[in-house]
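First up is the structure itself, then whatever we jot down about it.
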Amino acid sequence: MLLKWKQYKFLFKELVKRDFTKKYKRTILGMAWSIVAPLINLLVMWMVFNNFFGANMDHYVIYLFAGQLIFSYFCDATTLGMNALVNNAGIFTKINVPKYLFLFSQNVSSLINFVLTLLIFFAFVVLDNIPFTWKFIFLVYPVVCLIIFNLGLGLILSALFVFFRDMQYLWGIMTQLIMWMSAIFYTIDSFSYTVRCAFLLNPLYVYIRYFRKIVLDGEIPTLQFHLLAAAFALAVFGLGAYMYKKYNHEFLYYV
């Protein structure tokens, strides 16, 4: 694996540069869209849902921003990742290179956008008078889990998209469903215990909840919560890696 990385290191760097510059090509604001777009989404969601869910909740903007931050990164990384193979078919059908490089480069571009938005999130935390504590270091954990989860899901989606082009429409519907089921703009406190437990079956909710526990509640999640977050990430990544290994040669016939 290390030898392969050294061999294709230059190609990977060039793919990252290409994907990042291509995303903002011929736009006036350029990379600023990485910050502007999430803030506009946050403003719209705050205007729509504040009177319904935020009236009796402290720090509702931060609560909403945490959910929107995680969801936006998830949606961007998986949607771009789904197209990674098809969009780069002209390269790997002519040159024998590891196909996962195209997916990983797309995810680096999404990760850069996420980090920039995360800095704005921390600025909002300061403005909302939420104290920074040593526990914020634990935010690295859900971010790492989310990166692995997004990579794994990207591997799965990009493989399926090669064989079934309907995936782009199905995934658009699925992301909307996931958004509504991730408690981004509402709380689940009023739900029954059974329903609250059912939310833990949604990996995205788990990562959002982790962020909120650290930032808003000032609490470190339990060991079981850590294991659940890691299990989702590793299981999905393992399945994605298996699909790439199994169908590696078949991709050439369908793109």
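The values are calculated or read from the model by the stated rules, or taken from the named source; none is laboratory data. Remember, predicted model here, so these are calculated numbers, not experimental data. Reconstructed Cβ throughout: ideal geometry from the backbone, glycine too, with neighbour counts over all protein chains shown.
Assorted remarks:
- Meets criteria (in a helix (DSSP H, G or I) and under 24 Å from V215 (Cα atoms)) for D58: no
- Residue list for the range 128-153, filter: under 15 Å from Q106 (Cβ atoms) and of a type in the set (D, E): none
- For S34, the criteria (1) polar (S, T, N, Q); (2) at pLDDT 70 or above; (3) more than 29 Å from K245 (Cβ to Cβ) hold in every case but one, which is (2).
- Across the range 98-124, the qualifying residues are those that are surrounded by 19 or more Cβ atoms within 10 Å (Cβ to Cβ) and small (G, A, S), and the one among them that is farthest from Y73 (Cα to Cα) is S105.
- Residue match in the range 197-205 (condition: surrounded by 14 or more Cβ atoms within 10 Å (Cβ to Cβ), over 21 Å from N107 (Cα atoms) and free of Cβ contacts under 8 Å to residues at least 12 places away in the same chain): yes
- Test: residue in the range 125-134 that is surrounded by 18 or more Cβ atoms within 10 Å (Cβ to Cβ), at negative phi and not basic (K, R): yes
- Test: L29 is within 26 Å of F121 (Cβ to Cβ) and at pLDDT below 70: yes
- Residue list for the range 98-121, filter: closer than 18 Å to F251 by Cα and under 16 Å from the mean Cα position of the chain (by Cα): L103, F104
- The sole residue among V206, V115, V140 that is part of a helix (DSSP H, G or I), of a type outside the set (S, T, N, Q) and in contact with a helix residue (DSSP H, G or I) (Cβ under 8 Å, 6 or more places away or on another chain) is V206.
- A count restricted to the range 220-249 and to residues that are loosely packed, with under 12 Cβ neighbours inside 10 Å and outside any helix (DSSP H, G or I) stands at 2.
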